[in-house]
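> A single structure is presented below for examination.
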Amino acid sequence: MESSELSYEHHPSLVRYVIVWLALLVLTTLTWRLAYGDHGTAGLVIGMLIATTKATLVALFFMHLWDQSGVNRLVFVVALVYAGILMGLTVTDVATRFTPAVARGPTLPVPKR
Amino acid sequence: MRPSSEPNSPVYHQPNYLGHETSVRSWLLTHDHKRIAIMFLGGVLTAFFAGGVFALVLRIKLLVPGKFFISALAYNRLFTLHGVTMVFLFLVPAVPSVFGNFFLPIMIGAQDVAFPRLNLLSFYLYVTGAAIALFGMIWNGADTGWTFYTPYSTTTPTDIVPVLLGVFLVGFSSIVTGVNFIVTVHTLRAPGMTWMRLPLFVWGSYATAVVQVVATPVLGMTVLLVAVEHAFDFGIFDPARGGDPVLFEHLFWFYSHPAVYIMILPAMGVISEVVACFSRKNPFGYEAIAFSSLGIGFVGFLTWGHHLFVSGQSTFDAGVFGVLSMLVAVFSAIKVFNWVGIMYKGSVSFKTPLAYVFGFLFLFVFGGMTGVALATVLLDVPWHDTYFVVAHFHFIMVGASLMGFLAALHYWFPKMFGRMYPERFGIAAFFLVFLGFLVTFIPQFLLGNAGMPRRYYEYPAHFQPLHVVSTVGSWLLGLGFLLILAYLVWSLRWGEIAGPNPWGSEGFEWRTPSPVGPENYDETPVFTHRPHAYDLVEAAEYRRRELGDERD
Amino acid sequence: MTEATHLEPHLAHHYQSLAQQTHAARLGMWVFLGSEALLFAALFTGLTVYRTLNGSVFALASQHLSVAFGTANTFVLITSSFTVVLSLHFLQAGRKGLSLFFLVFTIALACAFLTIKAFEWLHDFSEGIFPGPYYAQKELQLPGAAMFYTFYYLMTGLHGLHVVAGMGVLAWCTGLVARGDCHAGYETPLELGAMYWHLVDIIWIFLYPLLYLIT
Ligand SMILES: [Cu+2]
């Protein structure tokens with residue numbers, strides 16, 4: 001069935017796992033340092049980009065999507081797309097509501113960590 | 001593949017999946033997708049008749065404007081019970097778990113679904129969830145309606161938690177079935193069964209499975225959050241504690257709008273099979289029908305906000321959802337035109353399954369058009385939460401989905417049980433159901449248009465005539481369903497022996513004996529063309545040679 | 001199909017080959033994990049909505065969580081993902097002992113994660129950080145603060161349940177490997193168990209910045 005016979009016997013090397021692990025550790029440190037700067041919304045965006053990169057690394061190399069047949073990769077992408085639709089269209093509502101209709105909390109200065 | 005032992009004379013195939021083992025254990029612990037389908041059939045029919053009885057009681061109360069027959073609280077509980085039972089226990093599992101389970105593996109030439117044990121688990125999750133939900137309902141049942149809107153659902157004095165847990169379990173059952181179908185279609189297709197040769201029912205079931213797997217977990221999480229809030233007072237959605245009830249509606253309808261496609265996509269698959277079979281024509285626009293299933297499955301996720309037009313959703317988001325909702329109509333129309341195209345210049349024989357297809361087409365187009373109207377923001381504002389909405393979604397859910405279910409039940413009954421149902425009774429019951437349906441729900445469009453809100457116990461006296469007509473219609477409907485139940489049960493025992501292919505269908509499932517053998521096929525089938533290829537010489541020859549079919 | 005003789009002991013009757021069965025098992029696991037991801041997506045959506053509505057209060061509330069605990073746990077979980085993949089690697093290479101060692105090591109890391117989590121929660125409790133109406137932290141009495149912690153407990157709690165489930169799966173895999181029912185040439189149970197464990201890791205990868213590092 002499909003191309004799975006090829007990938008079925010193929011096993012990636014130990015070196016690849018170690019490199020990915022180290023990359024994940026570096027990215028985690030990066031996320032952590034990010035919280036101590038003053039980046040505003042950009043901080044959130046960068047934080048989520050790093051998290052997505054980390055998740056993709058785990059999926060591609062630890063979960064072997066890199067070596068597996070296309071349909072498995074499709075499942076990963078489809079799950080991300082639908083989660084994005086759910087979050088995107090819901091948050092769009094909150095972000096574009098008629099301001100007086102929203103009981104917002106107070107806006108306060110947030111001290112640096 | 002084993003041809004029937006004597007060509008031309010129908011036989012009741014032995015050994016078959018029904019009779020090769022007879023102990024109770026061999027049923028309860030079976031891994032056979034066909035037996036699991038039959039058990040699901042028992043489950044969903046029980047739910048359907050229970051839900052029907054609740055509806056009849058509701059309609060009796062509505063004969064009279066004021067207090068009558070049942071108390072207001074009982075009325076609130078009953079419409080909740082009716083909605084929960086019909087939506088979660090009947091409509092969602094009806095076609096996929098019964099006919100999908102039974103025919104999807106056979107249609108692609110497989111021996112079973114990919115994960116037979118999970119399939120059995122799915123059935124027991126369904127039974128457990130249904131039992132917990134129904135127990136909770138009878139114990140101190142919820143009075144929130146099947147939509148569980150917060151903050152009422154999180155503060156109601158009735159016991160809502162068991163119902164929510166039941167819904168969660170039934171949802172889990174739905175996910176397991178979806179996973180199974182996706183993997184089965186991807187990995188267990190027999191030689192020659194390419195994607196572009198998949199029967200259209202398989203395409204419909206595949207698209208449904210994707211929706212089930214993606215949407216259902218969100219519902220599961222949402223009902224759990226409501227349960228947590230009701231039990232521990234966390235204030236997740238409660239505006240008094242800074243929560244946002246509109247968030248609940250977003251999460252709920254992210255599932256519950258696509259849930260309409262869980263109900264209707266497999267029914268559309270049935271329609272595609274039946275139309276081709278009884279028109280004896282190749283599926284016109286096969287690719288269009290197949291891909292529009294996937295299209296509906298995807299676009300259906302972009303429209304849920306049309307349920308929130310009057311809930312405080314931002315006008316911007318409402319506009320976006322309103323426009324996106326229209327897209328579904330495009331794909332639905334593609335399907336309808338193609339079905340009509342299949343019938344055009346076909347040799348149409350008006351048998352009960354096809355009668356239900358006509359019923360489906362009429363009600364689906366009617367319900368769909370009112371749906372487009374309701375998805376228009378300005379029209380929705382006055383119609384919202386009136387009987388107009390109730391009538392609209394009954395046209396889609398009962399009209400379309402149930403018609404698809406009944407078409408499937410009649411079309412595949414000979415294959416599942418080896419016997420025919422009485423055709424005259426079938427047609428008579430169809431007219432009774434169809435007429436009863438129109439008499440029940442057309443007055444509800446008028447009531448809603450005149451301003452009758454849904455779920456109200458009492459109503460102004462000048463609405464009474466229309467309510468009475470609607471109630472009389474519900475009796476006709478009930479009578480029709482009882483008639484169907486009666487002759488189908490009769491046919492199980494005394495129906496004419498069907499033989500492997502009583503319809504002369506070119507659907508692949510008809511290449512198996514009736515009832516199907518325990519292993520589906522004696523040897524792995526090889527497919528060389530699409531199903532319903534009535535113009536292919538080799539297909540006709542195959543029918544004559546292997547199945548003893550003398551029709552052209 | 002009935003006449004096919006199955007020399008492979010792990011091959012179910014309705015599959016033609018082990019490769020086909022493995023492909024099905026992997027795809028099934030992927031679809032299931034996709035479904036799990038959507039389960040969490042509902043919670044992430046709720047968190048994001050309330051963060052949009054209560055911006056700076058959520059940032060203040062986030063600063064009362066212990067970044068040290070959260071960061072330590074992130075390193076623990078990422079490393080456990082690495083060790084479980086090593087276990088699979090050595091099983092494929094036929095080195096059962098090393099495979100078992102890394103499996104047990106992974107479970108130990110999972111225990112460490114839960115222990116750190118427990119200490120973190122105890123620390124939170126001592127400051128009056130409770131979910132919903134029980135919230136009693138003196139320093140931060142603003143509308144929206146309780147909502148943040150409610151989501152904090154819901155999300156870390158549900159994730160914790162997944163950690164416990166994942167530990168169960170890995171323990172079961174350990175038994176299979178130890179008994180020789182899962183071995184070089186038939187690694188599917190461990191492979192699927194590891195996939196589940198990676199999902200637990202991936203969810204935490206998103207939880208970490210969204211809960212602990214709001215600025
Ligand atoms: Cu809708």
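> What FRET efficiency comes out for the pair A:HIS39/C:PHE119, r = Cβ-Cβ distance, R0 = 35 Å, nearest 0.05?
With R0 = 35 Å, the Cβ-Cβ based efficiency is 0.75.
> Let me check against my output: what whole-number percent is the relative contact order of chain B, with C-alpha pairs under 8 Å and at least 6 apart?
Normalised by residue count, the contact order of chain B is 21 percent.
> Please give the net charge around B:LYS415, taking every other residue with its beta carbon less than 13 angstrom from that of B:LYS415, where Lys and Arg add +1 and Asp and Glu add -1.
+1
> Then there's this: Between the helical axis of B:423-449 and the dominant principal axis of chain B, each derived from Cα atoms, what acute angle in degrees is found, rounded to the nearest 10?
Computed tilt is about 20 degrees.
> Evaluate the Kirkwood expression for the hydrodynamic radius of chain B, namely the inverse of the mean inverse distance over all pairs of different C-alpha atoms, and round to one decimal in Å.
Kirkwood hydrodynamic radius for chain B: 24.0 Å.
> Can you name the helices of chain C, as whole DSSP H runs, whose Cα span along the helix axis is 15 Å or more and whose Kyte-Doolittle mean is not below -1.0?
Correct list, ordered by number: C:18-53, C:67-92, C:96-126, C:145-179, C:188-212.
> Can you pull a Stokes-Einstein diffusion coefficient for region B:30-113 at 4 °C (1.567 mPa s), Rh from Kirkwood over Cα pairs, as a whole number of µm²/s?
The diffusion coefficient I find is 89 µm²/s.
> Nearest 20 debye, what's the magnitude of the dipole of chain C about its Cα centre given +1 on Lys and Arg Cβ and -1 on Asp and Glu Cβ?
Using Cβ point charges on Lys, Arg, Asp and Glu, chain C gives about 180 debye.
> If you take each beta carbon of peptide A:70-80 and count the beta carbons of other chains within 10 angstrom, what is the mean?
Per-residue shielding by partner chains comes out at 6.
> Moving on. With runs of 4+ DSSP H residues as the only contributors, calculate the mean residue ellipticity of chain B at 222 nm using -39,500 (n - 2.57) per run, divided by the residue total and rounded to the nearest 500.
-21000 deg cm²/dmol
> Can you tell me the order of C:108-118, C:40-50 when each peptide is scored by its average per-residue count of other Cβ atoms within 10 angstrom, highest first?
Ranking, from highest mean packing down: C:40-50, C:108-118.
> I've got another one for you. Over the whole of C:11-21, what's the average partner chain Cβ count within 10 Å per residue? Rounded to a whole number, please.
The per-residue average across the peptide is 6.
> Taking 20 °C and 1.002 mPa s as the conditions, I'd like the Stokes-Einstein D for region B:319-463 in µm²/s, using the Kirkwood hydrodynamic radius from alpha carbon pairs.
Value of D from the Cα-based Kirkwood radius: 126 µm²/s.
> Ratio of region B:356-399's C-alpha Rg to 2.2 N^0.38 Å, to two decimals?
Scaled against compact globular proteins, the figure is 1.16.
> Taking the Kirkwood radius as the inverse of the mean 1/r across Cα pairs, report the Rg/Rh of region C:106-182.
Rg divided by Rh gives 1.20.
> Another question, if that's okay. By counting other Cβ atoms within 10 Å of each Cβ, how are B:GLU509, C:GLU36 ranked from fewest to most?
Listing B:GLU509, C:GLU36 from fewest to most nearby Cβ atoms yields C:GLU36, B:GLU509.
> Just in region B:446-499: which chymotrypsin sites (Phe, Trp or Tyr not before Pro) are loop by DSSP and have at most 10 other Cβ atoms within 10 Å?
none
> Something else now. Note the direction-averaged projected area, equal to a quarter of the hull surface, for the Cα convex hull of region B:234-302, in nm².
Averaged projected area of region B:234-302's Cα convex hull equals 5.6 nm².
> Oh, and also: Go through C:72-85, B:323-336, C:175-188 and give me the packing order, highest mean Cβ count within 10 Å leading.
In descending order of packing, they fall as C:72-85, B:323-336, C:175-188.
> Sort C:TRP204, C:TRP172 by Cβ crowding within 10 Å, fewest neighbours at the top.
Least crowded to most crowded, the residues run C:TRP172, C:TRP204.
> Here's something else I'd like to know. State, to one decimal in nm², a quarter of the convex hull surface area for the C-alpha atoms of region A:12-95, i.e. the direction-averaged projected area.
That works out to 6.6 nm².
> Mind checking the angle between helix B:403-417 and chain B's longest principal axis? C-alpha axes, 0 to 90 degrees, to the nearest 10.
The helix B:403-417 is inclined about 40 degrees to chain B.
> Rank by packing, highest mean first: peptides B:523-536, B:349-362, with packing defined as the count of other Cβ atoms within 10 Å averaged across residues.
B:349-362, B:523-536
> Just to verify a number: FRET efficiency for C:SER126 and C:VAL67, C-beta to C-beta distance, R0 = 22 Å, to 0.05?
The calculated FRET efficiency here is 0.80.
> Sticking with this one: What is the P(r) of region C:1-94, as percent of Cα-Cα pairs per 5 Å bin from 0?
Per 5 Å bin, starting at 0, the Cα pair percentages come out as 3, 9, 8, 11, 16, 13, 10, 8, 7, 6, 5, 3, 2, 0.
> For the Cα atoms of chain B, what angle does the longest principal axis make with the long axis of helix B:537-547, in degrees from 0 to 90, nearest 10?
That helix lies at roughly 80 degrees to the long axis.
> What average number of partner chain Cβ atoms lie no more than 10 Å from the Cβ of the residues making up B:403-413?
0
> How long are the semi-axes of the equivalent ellipsoid of the protein assembly as shown, defined as square roots of 5 times the Cα gyration tensor eigenvalues? Whole Å, largest first.
In descending order the semi-axes read 45, 38, 22 Å.
> Stokes-Einstein diffusion coefficient for chain C at 37 °C in a medium of 0.692 mPa s, Rh from the Kirkwood formula over Cα pairs: what value in µm²/s?
Rounded, D is 171 µm²/s.
Values quoted throughout were computed directly from the atomic coordinates according to the rules given, and no laboratory measurement underlies them. Nothing here was measured: the structure is a model prediction, and the numbers come from that model. When we count neighbours, we look across all protein chains shown, and the Cβ atoms used for this are built from the backbone with ideal geometry, even at glycine.
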